[in-house]
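> Have a look at this one.
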Amino acid sequence: MPDDCPMTRQIRFNAFDMNCVAHQSSGMWRHPDDRSANYKDLSYWTELAQLLESGNFDGIFIADVLGTYDVYGGTNEAAIRHGAQVPVGDPVLLISAMAAVTEHLGFGVTAGTAYEHPYPFARRMSTLDHLTKGRVGWNVVTGYLPSAARNMGNDDQLEHDERYEHADEYLEVLYKLWEGSWEDDAVIRDRESGVFTDPQKVHEIGHEGKYFTVPGIHISEPSPQRTPVIYQAGASSRGIEFAAGNAEAIFVAAPTKAVLKNTVSKIRDALEAAGRDRYSARIYTLLTIITDETPEKAQAKHEDFLQYANHEGALVFMSGWMGIDLSQYELDEPVGNVKSNAIQSVIANYQESAENGETFTVRDIARISAIGGLGPTLVGSGTEIADQLQEWVAETDVDGFNLAYAITPGTFEDIVTYVIPELRARGAYPTSYVEGTLRHKLHGNGDRLPSEHKGAGYRVGALAIS
């Protein structure tokens, strides 16, 4: 259930970033105060992690892609020219360094199910969960860029719904490895007998499926959470179904409160239909905040940022997300109803938010998404932003916000300086962290998957494994 009645409900923040320049705010790397071009330096990430922890952020969600955005104009030239998530580094390798300089911040790392076998991936995540003392989450993505499929030796990616069928089995293998292979007391470390692990308490999973065959054991001992916190960001009907069965934190993007309210309601209904509590998954919506000590200063800051925003770069992103080559349209031409094999919810959200039957033009899409990507941008003083955030929570039933940036670390510094103190003064934002793992910090129900979660059904004793 919610923490309290809507207007006094505790609002949760998550930071949204990527191991590249400017992330979703194309062109903003040119701003003199932006430091995202330092993404190759560990100090960039460790200092950001410390800043976020000082503001009691739940975590940092690090996005990723394995291909380039080449739908726009049928080539990746514009993406390369504008630095639109290329070049990009591996997100997983950042986590240990950030964990070493923090105590509580969670880390949601993006990794796809399409191009890596679950067996080695299980070990990688168990290792991270050990090294972070249980502060790691996995953002499950099925992939959407055709260029990634081609570079992994495939003619194209799987169809949208089949990608989720493949992901369902991928998760089944992982649950068996993480939850069902090792008993809690398998590792005994008995110096006198010389036995490190009792082999009778380590079990082969014997998985044979449509996509994967994994007969053996998990080669890592159980980590603090066993299964990392499962994040998911798909908001199509199939994505919501997948999230209802697996996700513990869900990221959505909606251009208006009305669209968000509808999306949140669908997700909570789906959680119930899957036999889970309506509030068993934290829902964060994408948002960019531009703030300062006065409304006038915040507005001036926004106008300054707009000078650096790159609209063609924004259309590069949107073409990839929508699966539509927006370069084929005139700027003032409406984008009609299109069935896409990319991120279907992107198109649906824009169509749903259009008023009086109108459709968005290409120019509208470029303008809206140029700073912060698919989510709205709020501009105002700390007091004004706090008012708006509480309105969003009260009217939509969302738990919190996945905060993108215009510039980094400046956007996050401003939020910590101007917005968080105002929310705390209203009793609407945490003043400290709960001790324990990321799962316990988010839900307060312990370190391991709850019994009603699908993954709990794969624990030792629940399966006929030997």
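Throughout, read-outs are computed from the coordinates displayed, never taken from laboratory work. This is a predicted model, so every value here is computed, not measured. When we count neighbours, we look across all protein chains shown, and the Cβ atoms used for this are built from the backbone with ideal geometry, even at glycine.
> Between Phe196 and Glu77, what length comes free when the chain is fully extended (0.36 nm per residue of separation minus the Cα-Cα distance, one decimal in nm)?
My answer for the length gained is 37.4 nm.
> Let me check I've understood the local charge: for Gly373, count other residues with C-beta under 14 angstrom from its C-beta, Lys and Arg +1, Asp and Glu -1. What total comes out?
Charge balance near Gly373 sits at 0.
> Lys and Arg at +1, Asp and Glu at -1: add these up for the other residues within a Cβ distance under 12 Å of Glu296 and post the number.
-2
> With Rg/Rh (Cα atoms, Kirkwood Rh) in mind, check (1) 0.96; (2) 0.99; (3) 1.18 and report the label derived from this structure.
(1)
> Once the other residues with Cβ under 15 Å from the Cβ of Ile80 are scored (Lys, Arg +1; Asp, Glu -1), what is the net sum?
-2
> Using the Cα centre of the chain as origin and beta-carbon charges of +1 (Lys, Arg) and -1 (Asp, Glu), tell me which of Gly320, Tyr279, Met28 is placed farthest towards the positive end of the dipole.
Result: Tyr279.
> What residue among Phe196, Gly436, Ala270 has its Cα farthest toward the positive end of the dipole of the chain, where the charges are +1 on Lys, Arg and -1 on Asp, Glu, each on the Cβ?
Farthest along the dipole direction, towards plus: Phe196.
> Mind giving me the FRET efficiency for Ser451 and Met152? R0 is 35 Å, r the Cβ-Cβ distance, nearest 0.05 is fine.
Efficiency at R0 = 35 Å is approximately 0.40.
> Then there is this: With just the Cα atoms defining each centre, how far is region 99-129 from region 145-176? Give it in Å.
Centre-to-centre (Cα) distance: 18 Å.
> Let me ask something additional. Where both residues lie in the chain, what percent of DSSP beta bridges are antiparallel, nearest 5?
Of all bridge pairs located within the chain, approximately 15 percent are antiparallel.
> Given the pairs Lys210/Lys454; Lys266/Lys301; Lys40/Lys176; Lys266/Lys297; Lys40/Lys301; Lys210/Lys257, which are separated by over 30 angstrom at their Cα positions?
Lys266/Lys301; Lys40/Lys176; Lys266/Lys297; Lys210/Lys257
> On to the next question. Which whole-number percentage describes the relative contact order of region 144-290, with Cα contacts under 8 Å and a sequence gap of 6 or more?
16 percent
> Which trypsin sites (Lys or Arg not before Pro) does region 96-187 hold that lie in a coil by DSSP with at most 16 other beta carbons within 10 Å?
The qualifying sites are Lys133.
> Could you size up the charge dipole of the chain around its Cα centre, putting +1 on the beta carbon of Lys and Arg and -1 on that of Asp and Glu, and report it in debye to the nearest 20?
660 debye
> Using 0.36 nm per residue, how much length does the chain from Asp269 to Glu204 gain when fully extended, once their Cα-Cα distance is taken away?
Separation in residues times 0.36 nm, less the Cα-Cα distance, equals 19.8 nm.
> Based on DSSP H runs of at least 4 residues, each adding -39500 (n - 2.57), what is the mean residue ellipticity at 222 nm of the chain after dividing by all its residues, to the nearest 500 deg cm²/dmol?
Dividing the helical sum by the residues of the chain leaves -10500 deg cm²/dmol.
> Nearest 10 degrees, 0 to 90: what angle lies between the long axis of helix 344-353 and the longest principal axis of the chain (Cα atoms)?
The angle comes out near 40 degrees.
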